[in-house]
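Shown next, in structure tokens, is the structure this report addresses.
The values are calculated or read from the model by the stated rules, or taken from the named source; none is laboratory data. Since we're looking at a predicted model, the values are computed, not measured. Ideal geometry is used to build each Cβ from the backbone, glycine not excepted, and the neighbour counts take in all protein chains shown. Side chains included, ligands, DNA and RNA excluded: accessible areas come from the protein's heavy atoms. Shrake-Rupley method; radii C 1.70, N 1.55, O 1.52, S 1.80 Å.
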Amino acid sequence: HSFPTRRSSDLIGSYIVTLVAPGRRPISTGRTIGRMEDVRADVTVYPDEAIGEDLVYVPAGPAILGGDPVAHGARERRVVDVPDFAVARYPVTCAEYLAFVNALGQQDPVAALRRVPRALPSGGHYWTWDASRGEFSVPPGSWEPRFPIVSVSFEDAQAYIAWRAARTGERLRLPREEEWEKAARGVDGRFFPWGDHFDASFCKMKDSRQTPSPEREPVGAFSTDRSPYGAHDFAGGVRELCVSTEHEPVMRGGCWHDTGLFCRLAFRHVTKPDFVNTGLGFRLVRELG
């Protein structure tokens, strides 16, 4: 489906356009219109089953990426034409990841132990295998089912995705860096999902609550940390693993114990495949078409 805009100086600015088709979920797509500029958007309308119940659709088109002089590691401002994809509404949760390692544990508990959350790449495991129950024992408090999974590596994330894709038949993977940034920022180069002004109460980060020290919270706890496409928790919650244009693991976004500087969506930091951290998790992308 295509929709044009008329040429007018009155339309200058950034817009979210919602498309509604009978029997399909509403589609949000963004466009930035310059002075006396003709803009045309071509949007493919996918059935719900192609997108997935827990994912949101990001239509193909150009987006402003990088260009934040304050964000650590940010790349120069550029406009990138990003193909369409579906991105998970939330990062992967503890419950989802626990199902994965328990399934592995039924076959090989020793191999499964290498995938559980841990303090170091090869040690300090937070979960332990309970042979009597045939599943992992999870300490209460820090690993609630709706908390985002943390302390897992790029290699662990890839293993989880391969397991889940084999079960469901979906074409799943980690986000490419450009996909993650467009899904988080929309098309107009905003610094945060909600705009350019930072407010600690808008996302889950170090200073969000009036408490002695920050603690993890369930995914979606901050409704204002919502991207133009309807996905949540990009500025806060957990940093997320992506794949860079150089095919390296890279971390994007802020986390529950970060300062506001790292909540800026152009922030990026290349990491190692086995690196783990209490603020690092991941979310899924589903390929379309």
Worksheet, complete the sentence: Going through the range 210-245 in order, the residues found to be closer than 15 Å to L174 by Cβ, modelled with pLDDT of 95 or more and either open to solvent by 30 Å² or more (accessible area, probe 1.4 Å) or touching a Lys or Arg at 6+ places or on another chain (Cβ under 7 Å) (or both) are A231, R239, E240, C242, V243
Worksheet, complete the sentence: Being open to solvent by 40 Å² or more (accessible area, probe 1.4 Å) and in contact with a Gly (Cβ under 6 Å, 6 or more places away or on another chain) narrows E76, E53 down to just E76
Worksheet item: On the given criteria, is P140 farther than 30 Å from G289 by Cβ and out of contact with any Ser or Thr (no Cβ under 8 Å at 6 or more places or on another chain)?
Response: yes
Practice prompt. Determine whether the range 276-285 contains at least one residue that is among the basic types (K, R), more than 22 Å from Y126 (Cα to Cα) and modelled with pLDDT of 95 or more.
Written response: no
Worksheet item: For the range 233-289, which residues satisfy the criterion of being part of a strand (DSSP E or B), of a type in the set (D, E, K, R) and without any contact (Cβ under 8 Å) to a residue 60 or more places away in the chain?
Response: R239
Worksheet item: For the range 81-124, how many residues meet the condition of being small (G, A, S), assigned to a helix (DSSP H, G or I), closer than 23 Å to S142 by Cβ and open to solvent by 10 Å² or more (accessible area, probe 1.4 Å)?
Response: 3
Fill in: Filter pass, S201 being assigned to a loop (DSSP other than H, G, I, E, B), surrounded by fewer than 22 Cβ atoms within 10 Å (Cβ to Cβ) and polar (S, T, N, Q)
no
Fill in: Members of the range 125-149 found to be charged (D, E, K, R), part of a strand (DSSP E or B) and touching a residue at least 24 places away in the same chain (Cβ under 8 Å), listed by number
E135
